[in-house]
Amino acid sequence: MNLQNLQEFAEQFNTIACIISIESTEDGGYENIRLETGNQAYLHSFPPQVHFIPGQIYTNYIPKDLNFEHFVYNAAIRKKPMHAYIYSDNFGAWFNIYSLPIVSDEPHKHYCVYTQEMDAAPNAELLAKHSARITNEVLKICIKLRDQKCFQESMDSITADIRKMCKAEQCCLMLTDFKNGSVHLQSECIDPDSNLISFKNYLTQDFIVRAQSWLDAIGGSNCIIVQNEQDMEHVRARNSKWHDSLKEAHIQTVALFPLKNKNETIGFIWASNFDTKNTDFIKETLELTAFFIASEVANHKLVGRLAELSENDLLTEVKNRNAMNNWVTAYVEGRTSPSKSVGVLFMDLNGLKAVNDNEGHAAGDNLLKDAANVLKSIFQKGDIYRAGGDEFLVIVLDETKQALEACIQKLHATAYNPHKVHFAVGFYYSENGCDIRDAMKQADALMYEDKKRYYAEHPELKHR
């Protein structure tokens, strides 16, 4: 192809456009993807320090990207008009890209034109422009995301659907928290006839490091799809440990899509040994599916966090009064599991006001934390609530009276320093069920009697 003709053709486009060549190999693969030339808009998109030379390998100018290579391969060699709307971490923007085949008179060298427009924020209309088949698959998944009452059931059903859609041996949904170094296998579906091993067998403590390395393999793109040995070599060059683990697990093909929420990776969709005849369909479907699943996962985490905040005391990290009231209501209404015995312990932290007055509220907060830690270490079978400022409630079901009395003795032995942690304790026990509200009242009354005795012994600490 004549460079001047290619240049003139590229200049016909108003958007950023370049002409790309790619050489086909005898085995049906490709090599040597080159940026032959581009229009003025394309050339001006390079940083001032970059000097563009026509006909250079594309990785001289941008990072190697399997998705980009598959995209132009389909256009130039397979003669398929291509379109995608994707987000790139490398540029922090959304790209609306097209690639169209160009007729070539060279038997092993093929050409396409590549054009792109960039958006800082996602365009809803472009995200929605997909074939009827893709739209149908994604719509079914979205309906399941909203229709299921149980989040786990929803994820299990969707994971099974994705495996079926990909015709893969294995599909899983993993949730990650890179800040806290944790990874969780939310859902997994494996073909009954497959020899692949469940991801549960790989989730060791250092697996989060491996998951982090997947982002390096993805290289700022929106996914990585490994569909042949040539792609595997790319994985080996970028992440040799991951390449070796794939081989050891007998994985020949893999589609890996990160779940993103506000530019944070919160998980991955993974499909192993999928049908490579449907790669383009799988890629487009999972790109859009990942967008909706990430939104649902983020929403589920937010709701869970709000629920946690609504029922947990942030200072002491035990349950709060709201959680206590909710449990009591559920118990009265018979919505909790039946129990043979109920033990109720009301405890008041003596001397808190004196510490607040003499040493400051920071010291008082530390005293409350110490008190909660003492309770957590002793009452491991019970539910611990911070009922008020310096009051704690412990409810223990199906435990003997002797065992709870032993816990109280241990509590006094552990925390009987009047200048540090000391509790006034009221204990009520019933073996044959009880009115839980009456039990709490009796335990509370017994606690105040114990408190009076304490301040009679230590009048200098009296605070009321």
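Some points to look at:
- All conditions but one from (1) among the aliphatic types (A, V, I, L, M); (2) without any contact (Cβ under 8 Å) to a residue 40 or more places away in the chain; (3) farther than 30 Å from Tyr429 by Cβ apply to Ala330; the one that does not is (3).
- Members of region 86-119 found to be within 23 Å of Asn32 (Cα to Cα) and of a type in the set (D, E, K, R), listed by number: Asp105, Glu106, Lys109
- Subset of region 161-188 [touching an Asp or Glu at 6+ places or on another chain (Cβ under 8 Å), charged (D, E, K, R) and in a loop (DSSP other than H, G, I, E, B)]: Lys167, Glu169
- Subset of region 174-219 that is within 22 Å of Lys301 (Cα to Cα) and hydroxyl-bearing (Ser, Thr, Tyr) - its residue that is surrounded by the most Cβ atoms within 10 Å (Cβ to Cβ): Thr176
- Yes/no for Ala323 being in contact with a strand residue (DSSP E or B) (Cβ under 8 Å, 6 or more places away or on another chain) and buried (at least 18 other Cβ atoms within 10 Å of the Cβ): yes
- Being surrounded by fewer than 18 Cβ atoms within 10 Å (Cβ to Cβ) and either over 26 Å from Val72 (Cα atoms) or touching a Ser or Thr at 6+ places or on another chain (Cβ under 6 Å) (or both) is true of Lys247.
- Condition met for Ala298 (surrounded by 13 or more Cβ atoms within 10 Å (Cβ to Cβ) and under 30 Å from Ile269 (Cβ atoms)): yes
- The number of residues in region 404-439 being assigned to a strand (DSSP E or B) and at pLDDT 90 or above comes to 6.
- Residue, surrounded by the fewest Cβ atoms within 10 Å (Cβ to Cβ), within region 449-464, restricted to residues that are modelled with pLDDT under 70 and assigned to a helix (DSSP H, G or I): Glu460
- Of Asn228, Asn180, all but one fail to be polar (S, T, N, Q) and more than 23 Å from the chain's Cα centre (by Cα); the exception is Asn228.
- If the condition is being part of a helix (DSSP H, G or I) and in contact with a Leu (Cβ under 7 Å, 6 or more places away or on another chain), then region 334-358 contributes Leu352, Ala354, Val355.
- Any hit, region 189-209, residues being within 22 Å of Ile293 (Cβ to Cβ), modelled with pLDDT of 90 or more and touching a helix residue (DSSP H, G or I) at 6+ places or on another chain (Cβ under 6 Å): yes
- Inclusion of Phe13 among residues that are part of a loop (DSSP other than H, G, I, E, B), touching a Phe, Trp or Tyr at 6+ places or on another chain (Cβ under 7 Å) and not basic (Lys, Arg) is not warranted.
- Beta carbons closer than 6 Å, at least 6 apart along the sequence or on distinct chains, pair a first residue in region 35-46 that is within 19 Å of Glu69 (Cβ to Cβ) and in contact (Cβ under 8 Å) with a residue 24 or more places away in the chain with a second that is of a type in the set (Phe, Trp, Tyr) and outside any loop (DSSP other than H, G, I, E, B) for Leu35/Tyr58.
- The selection criterion, being of a type outside the set (A, V, I, L, M, F, W, C) and in contact with a Leu (Cβ under 6 Å, 6 or more places away or on another chain), does not hold for Tyr331.
Here is a yes/no grid of residues against (1) outside the structural domain of Glu399 (by TED's automatic domain parsing); (2) of a type in the set (Lys, Arg); (3) within 24 Å of Leu309 (Cβ to Cβ); (4) modelled with pLDDT under 90:
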{"site": "Glu333", "(1), (2), (3), (4)": "no, no, no, yes"}
{"site": "Ser339", "(1), (2), (3), (4)": "no, no, no, yes"}
{"site": "Val342", "(1), (2), (3), (4)": "no, no, no, no"}
{"site": "Phe346", "(1), (2), (3), (4)": "no, no, no, no"}
{"site": "Leu349", "(1), (2), (3), (4)": "no, no, yes, yes"}
{"site": "Asn356", "(1), (2), (3), (4)": "no, no, no, yes"}
{"site": "Lys369", "(1), (2), (3), (4)": "no, yes, yes, no"}
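- Counted residues, region 128-158 - those being touching a strand residue (DSSP E or B) at 6+ places or on another chain (Cβ under 9 Å) and within 11 Å of Thr289 (Cα to Cα): 1
- Taking the criterion of being buried (at least 18 other Cβ atoms within 10 Å of the Cβ) and of a type in the set (Val, Ile, Thr), the residues of region 29-68 that qualify are Ile33, Thr37.
- Test: Val374 is modelled with pLDDT of 90 or more, crowded, with 17+ Cβ neighbours inside 10 Å, more than 20 Å from Met440 (Cβ to Cβ) and in the same structural domain as Ala424 (by TED's automatic domain parsing): yes
- Every residue from region 283-307 that is under 30 Å from Asn74 (Cα atoms) and in contact with a Lys or Arg (Cβ under 9 Å, 6 or more places away or on another chain): Thr285, Ala290, Phe291, Ala294
The values are calculated or read from the model by the stated rules, or taken from the named source; none is laboratory data. No experiment lies behind these values; they were computed from the predicted model shown. Note that we place each Cβ from the backbone using ideal geometry, even for glycine, and neighbour counts take in every protein chain shown.
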